[in-house]
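These notes concern the structure reproduced below.
Please treat every number below as a calculation from the coordinates, not as lab data. A quick note: this is a predicted structure, and the numbers were derived from the prediction, not measured. FYI the Cβ positions are ideal-geometry reconstructions off the backbone, even for glycines, and counts take in every protein chain you see.
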There are 2 protein chains.
Amino acid sequence: MSQWFRNGEPLSQVSIDDRAFQYGDGLFETVAIRDGRPRLWNYHLERLQLGCEKLRLPKPADKALRASLDLAIRASDADRSHCTAKIILSAGISARGYARSAATSGAEFVGVFSSQALAAEHYREGVETMLCDTRLAMFSATAGCKTLNRLEQVLARLEIAPGEAFEGFTLDADGRVICGTMSNVFIVTANTIATPSLDRCGVAGVMRRHAIETLRRTGDTVVVRDISESELMHSDEVFICNSQFGILPVQRCGDKEWHAHTRTRSVMRALAQSGIVECAQ
Amino acid sequence: MSQWFRNGEPLSQVSIDDRAFQYGDGLFETVAIRDGRPRLWNYHLERLQLGCEKLRLPKPADKALRASLDLAIRASDADRSHCTAKIILSAGISARGYARSAATSGAEFVGVFSSQALAAEHYREGVETMLCDTRLAMFSATAGCKTLNRLEQVLARLEIAPGEAFEGFTLDADGRVICGTMSNVFIVTANTIATPSLDRCGVAGVMRRHAIETLRRTGDTVVVRDISESELMHSDEVFICNSQFGILPVQRCGDKEWHAHTRTRSVMRALAQSGIVECAQ
């Protein structure tokens, strides 16, 4: 069930002239609401800030955005203790054509969605994944940003038959592993944790950032670098993360299986201690 | 002024859950309406067909789409003898997440816009252009298609200050010339006409196709190949095309000026004879 709001007022429709509809001209954030509050809120704000700079959009004031979000959460029927909010920041309405009108001002929309924690089994046994054929275009002007241009993720997701896998990994055109359709990926090799560089394409998730910072704070080495498909498949452990589920071990990718998740467990414990309670399973 | 229709019925709003709004999950065509009829209609249909295959969208039946378009044109206030129609084919409404619901069916929207022919001066003297800094990502899964993911064109367009230039050219990340923000580009060198390959990125315009086919039919050689920035700047003539204005000579790109448009004039005459009446100036 979804409910959408603008400045706390419910709405179900948007102008067909909205540039998000016409060109995907905007950004979004998917925020985990836990105990009534947005988790990793500052990281969401900072990514939005970066996205606004890249897209040359005016960034809404942090306080106003938070007020909008809080109003939406309170107005929604979702369980405030555990739900999902999606903030869409559109470039707003303008006349036809790629040029934004001088008068165009951005528009914020907040959706609130019921969501349930994943089954404990996912955290204990890990999830099944696959490699997608859809390749990500390289040297994207909006690499790292969560823009409303998400066709690559849609196409990759379409490759996953219902029940076939929990997540699919996408490579870039040169065969580097970049991310999952809805998650970022980490590999463990020779006791070192690495995650793909997202300079050329991909979305830099807030949970990826939180995991990197948490691990580094506790003395772990996390390397951000290029990772080949072969490295992924020959790694000792693989785990994925996103803002909603936290961290999940990967038990399979295509034919390759991983049975031990020793290092992943310690990462999950560190994340759980940092407040990502789902990881305490 | 814009007016939008769905199945001939006016509408100004769309569902906020429409996947075009959420992810840019869809395609569009911008069609020149001349004397009440869509120009190069078969080429628009064929590009839409290709796009639907790439995006795994059900393609609306040609006849139904044409009926929808005709209804919209008749219902609109625009001058039927000369206006612009924009057809948006969205993946439709679904729940949150990149996966399309099995039940999702596409949705067509038709916008009709008043438009005027460009001043004769543009055709006689040519237009001013510039090189944009925004680079197009390479090896896009949807290269050539006119998808609703158009942030690169939006960002390139934002670089053009009002009055600074009629059009901006975008290069790919390796420095090849690809296209204008709203047009395709041709260069004339040593009496040979060439236009960039669009295998890695860019939009394959219907007027580009029409120009290539018309010229080849009249015995001209048109080569589709990679073109560097330097080749563009050192070419003898440059012209651009799109579905609305037909063909326009380029008189300037940044500091480089072109004064003679001899070959371009003959291309324009050929296009005018093929029914692109704007070119007869």
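The local environment of B:Leu215, defined by Cβ-Cβ distances under 14 Å, has a net charge of +4 under the rule Lys, Arg +1 and Asp, Glu -1.
For the segment B:155-163, counting C-beta atoms of other chains within 10 Å of every residue's C-beta and taking the mean gives 3. For chain B, the dipole from Cβ point charges (+1 on Lys and Arg, -1 on Asp and Glu) about the Cα centre works out to 960 debye, to the nearest 20. Treating the angle as unsigned and between 0 and 90°, give the value, to the nearest 10°, between the Cα long axis of helix B:62-75 and the longest Cα principal axis of chain B. Computed tilt is about 90 degrees. Whole-Hz Karplus values for the stretch B:16-22 come out as 5, 7, 5, 5, 5, 6, 6 Hz, taken residue by residue from phi with 6.51 cos²θ - 1.76 cosθ + 1.60 and θ = phi - 60°; glycine and proline positions read x.
In order along the stretch B:121-132, phi translates into HN-Hα couplings of 3, 4, 6, 7, 9, x, 10, 8, 10, 8, 8, 8 Hz, rounded to whole numbers, per the Karplus curve 6.51 cos²θ - 1.76 cosθ + 1.60 with θ = phi - 60° and x for Gly and Pro. Across peptide B:98-108, the mean count of Cβ atoms from other chains lying within 10 Å of each residue's own Cβ comes to 2. Assuming charge only on the beta carbon of Lys and Arg (+1) and of Asp and Glu (-1), the dipole of the stretch B:2-114 about its Cα centre is about 220 debye to the nearest 20. When you work out D = kT/(6 pi eta Rh) for the protein assembly as shown at 10 °C and 1.306 mPa s, using the Kirkwood radius from C-alpha pairs as Rh and the Stokes-Einstein form, the result is 64 µm²/s. 3J(HN,Hα) couplings calculated from phi for the stretch B:267-275 with the Karplus curve 6.51 cos²θ - 1.76 cosθ + 1.60 (θ = phi - 60°) are, in sequence order, 5, 4, 5, 4, 5, 4, 5, 7, x Hz; Gly and Pro show x.
Taking a sphere under 15 Å around the Cβ of B:Asp35 and counting the other residues whose Cβ falls inside, with K and R at +1 and D and E at -1, yields a net charge of +2. Highest mobility in the GNM of chain A, judged by mean-square fluctuation with C-alpha springs under 10 Å and restricted to A:Ala91, A:Ala190, A:Ala141, is found for A:Ala190. Calculated [222 nm] ellipticity per residue, helices only, for the protein assembly as shown: -8000 deg cm²/dmol; basis is -39500 (n - 2.57) per DSSP H run with n ≥ 4, divided by all residues, nearest 500. When peptides A:107-114, B:148-155 are ranked by their average number of other Cβ atoms within 10 Å per residue, the highest-first order is B:148-155, A:107-114. Remark: B:Val177, A:Val127, A:Val222 ranked as A:Val222, A:Val127, B:Val177, counting other beta-carbon atoms within 10 Å and listing the fewest first. Annotation for the stretch A:1-56: trypsin sites (Lys or Arg not before Pro) lying in DSSP loop with at most 12 further Cβ atoms inside 10 Å of their Cβ are A:Arg56. Among A:Phe239, A:Phe5, the ranking by other beta carbons within 10 Å of each residue's beta carbon, starting with the fewest, stands as A:Phe5, A:Phe239.
Each copy carries a label point for A:Lys63 at 7 Å from Cα toward Cβ; from one copy, the others' points are 6.3 nm away, ordered from shortest.
The residues B:Asp77, A:Asp18, when put in order of fewest to most other Cβ atoms within 10 Å, stand as B:Asp77, A:Asp18. Given +1 at the Cβ of Lys and Arg, -1 at the Cβ of Asp and Glu and no other charges, the dipole of the stretch B:130-214 around its Cα centre is 240 debye to the nearest 20.
Within a Cβ distance under 13 Å of A:Glu237, other residues only, what is the Lys/Arg minus Asp/Glu net charge? All intermediate terms of the calculation are to be shown ahead of the outcome.
Details: positive: A:Arg252, A:Lys256, A:Arg263, A:Arg265; negative: A:Glu231, A:Asp236, A:Glu257.
After counting each charged neighbour, the total is +1.
Which entries of A:Lys54/A:Lys86; B:Lys54/B:Lys86; A:Lys54/B:Lys86; B:Lys59/B:Lys146; A:Lys86/A:Lys256; A:Lys59/A:Lys86 have Cα-Cα distances beyond 26 Å here? Cα-Cα > 26 Å for A:Lys54/B:Lys86; A:Lys86/A:Lys256; rest within.
Counting Cβ atoms of other protein chains within 10 Å of each Cβ in A:141-150 and taking the mean gives 5.
Relative to the longest principal axis of the Cα atoms of chain A, the long axis of helix A:206-217 lies at roughly 50 degrees.
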